[in-house]
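The values are calculated or read from the model by the stated rules, or taken from the named source; none is laboratory data. Since the model is a prediction, treat every value here as computed from it, not as a measurement. Glycine also receives a Cβ, built like all others from the backbone with ideal geometry; neighbour counts cover every protein chain displayed.
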Amino acid sequence: MQEKEIKEFVKNRYSKIAKNENSSCSYCNSSSDLITKQAQAAGYSTKELKSIPEEAVFGLGCENSTALADIQAGETVLDLGSGGGIDVFLAANKVGVNGRVIGVDMTPDMIETAVKNAQNGGYTNVEFKLGEIENLPIEENSIDVIISNCVINLTPDKNNAIEKFFGF
């Protein structure tokens, strides 16, 4: 598959997940218990999962990146591949009202889902932007912490993404 075809495949798959269409994810339309167990297997605690909108949890990640990052109050955090917003909302709880969290995702339906989740959860310190990690819609030198929940695995040109992501 060519790079463009890979990206379209990933966008289509995650769009279906965002819209809760069965064909794309074998457990996404399963009970919330199964999705919660998957999220817990990736390192999210019950307390964390209960602190954010339930609709933000798809059980798709490979780790709890907010638990691994040293996120402090007042910081600006960037979440690459933000999906429904699980890590954005957990980071928002850590940065507090004086901090800010920006989620970037390349799937319009995921951005739409995340925005709804933010509104339903009453989050005022979050923002979601449509974009790809190889060409981030972010101002230079505006981010304190970058988190990502395995989105590099979905990128066809990993070297380019890492170069843009880490700046080397």
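Could you say whether any residue in the stretch 121-141 is closer than 21 Å to residue 14 by Cβ, at pLDDT below 95 and not in a loop (DSSP other than H, G, I, E, B)? Checking the stretch 121-141: at least one residue is closer than 21 Å to residue 14 by Cβ, at pLDDT below 95 and not in a loop (DSSP other than H, G, I, E, B).
Scanning the stretch 80-94 for residues that are part of a loop (DSSP other than H, G, I, E, B) and either without any contact (Cβ under 8 Å) to a residue 24 or more places away in the chain or in contact with a Pro (Cβ under 9 Å, 6 or more places away or on another chain) (or both) yields 84, 85.
Taking the residues in the stretch 106-120 that are surrounded by 19 or more Cβ atoms within 10 Å (Cβ to Cβ) and not β-branched (Val, Ile, Thr) as candidates, determine which candidate is nearest to residue 5 (Cα to Cα).
Step one: of the stretch 106-120, the residues surrounded by 19 or more Cβ atoms within 10 Å (Cβ to Cβ) are 106-107, 110-111, 113-114, 117-118.
From what is left, the residues that are not β-branched (Val, Ile, Thr) are 106, 110, 114, 117-118.
Working: 106: 14, 110: 19, 114: 25, 117: 29, 118: 31 Å.
The residue in question is 106.
Going by the conditions given, is residue 103 of a type outside the set (S, T, N, Q), touching a strand residue (DSSP E or B) at 6+ places or on another chain (Cβ under 8 Å) and under 16 Å from residue 18 (Cα atoms)? Answer is yes for this residue. Residue 19 passes every criterion in (1) modelled with pLDDT of 95 or more; (2) more than 21 Å from residue 155 (Cβ to Cβ) apart from (1). Exactly one residue among 77, 97 is closer than 28 Å to residue 135 by Cβ, aliphatic (A, V, I, L, M), modelled with pLDDT of 95 or more and not in a helix (DSSP H, G or I), and that residue is 77. For the stretch 52-73, does any single residue satisfy the condition of being buried (at least 20 other Cβ atoms within 10 Å of the Cβ), touching a Lys or Arg at 6+ places or on another chain (Cβ under 8 Å), modelled with pLDDT of 95 or more and not polar (S, T, N, Q)? Within the stretch 52-73 (the criterion being buried (at least 20 other Cβ atoms within 10 Å of the Cβ), touching a Lys or Arg at 6+ places or on another chain (Cβ under 8 Å), modelled with pLDDT of 95 or more and not polar (S, T, N, Q)), the answer is yes, since at least one residue qualifies.
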